[in-house]
Amino acid sequence: MQPAPRLLLNNGVQIDQVGFGTYKIPPEDTETLCTLALEAGYRHLDTASLYGNEAGVGAALRAFTESGHAVRDDVFVTTKLWNTDQGRDAVRPAFEASLSRLGLEQVDLYLIHWPCPERGLFIETYRVLEELYREGRIRAIGVSNFQPAHLEQLLDAVDVVPAVNQVELHPWLQQHELRRFHAGAGIRTAAWSPLGRGALLEDPVVQDIAVDLGRTAAQVVLRWHVENDVVVLPKASSEERIRDNLDLYSFELGEAHREALAALDAGRRTGSHPDAVN
């Protein structure tokens, strides 16, 4: 299986294009599934304080590196600051708690999980991330679920351009305006819920393309992300699906496939709108 390539972030750090997402993976299952992902070839693990499974991610990474299969620098680890930890006085304790649960001295990417615009704290929160970045505690900093208006406010007030904005993105919600903003600002787009929380796998268009290519429906959608130069973070709970979700570089979509998937864009979210989360 061809491994996922590494993409360049705006500060020169490289990030694996396909990561293993851990949202809603129970803490008791996290170490096992992350170990399967690492053994399959994933070198990017995505977690968050909210998920309650940072310890399992860290345990899998620790066992994998201690066994000699990789060194720490081979594996990219992303985690996120939860909404209630925004604000100058709360960020550092929350960051230290995440590091402790992960068992790491440094995290590769640290994101503000949601802008929470009604709180009005994301700018001062991000400034603390800038401090941690300058101190070498974080290799890259960024945001999640920020819309263009949030990003405009942020960029007007801070020094370090976010390396990544992780957002809901899939063929039903293609986020063209936001992705154009990212391209202009040098922000890398990452996709959570890349399969529309699984609902996209039942879409007749996706299923027809899967039959045509002899691939799974998930591989079709994930290949769409790859071809759009997006960092994609699928979750899976079986070894077979974990492996299938990484096997994206041995085939391509045809032009007719791309056109059919482009036509699915309907602004349809499977998660919350960022302005509604506070």
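The values are calculated or read from the model by the stated rules, or taken from the named source; none is laboratory data. From a predicted model like this one, the values you see are computed outputs, not experimental measurements. Counting neighbours? That spans all protein chains shown, and the Cβs are built from the backbone with ideal geometry, glycine included. Just so you know, the surface numbers come from the protein's heavy atoms only, side chains and all, with ligands and any DNA or RNA stripped out. Shrake-Rupley method; radii C 1.70, N 1.55, O 1.52, S 1.80 Å.
Centre-to-centre, using Cα atoms only, the stretch 57-103 and the stretch 7-53 are separated by 11 Å.
Using a 10 angstrom cutoff on alpha carbons, build the Gaussian network for the chain and name the most mobile of Gly58, Gly267, Gly21. Among Gly58, Gly267, Gly21, the largest mean-square fluctuation in the Gaussian network model of the chain belongs to Gly267. The simple spin-label model puts a point 7 Å past each Cα toward its Cβ; for Asp265 and Glu39 those points are separated by 4.1 nm. Scalar couplings 3J(HN,Hα) for the stretch 135-147, obtained by applying the Karplus form with A = 6.51, B = -1.76, C = 1.60 to θ = phi - 60°, are 7, x, 7, 10, 7, 7, 10, x, 9, 9, 6, 7, 8 Hz; x denotes Gly and Pro.
Of interest is the spacing of the C-alpha centroids, which for the stretch 233-278 and the stretch 136-167 amounts to 23 Å. For the chain, averaging the sequence separation of C-alpha pairs within contact (under 8 Å, six or more residues apart) and dividing by the residue count gives a relative contact order of 20 percent. When Rg and the Kirkwood radius Rh are both evaluated on Cα atoms of the stretch 131-188, their ratio Rg/Rh stands at 1.00. A 1.4 Å probe, protein heavy atoms only, puts the accessible area of Arg43 near 60 Å².
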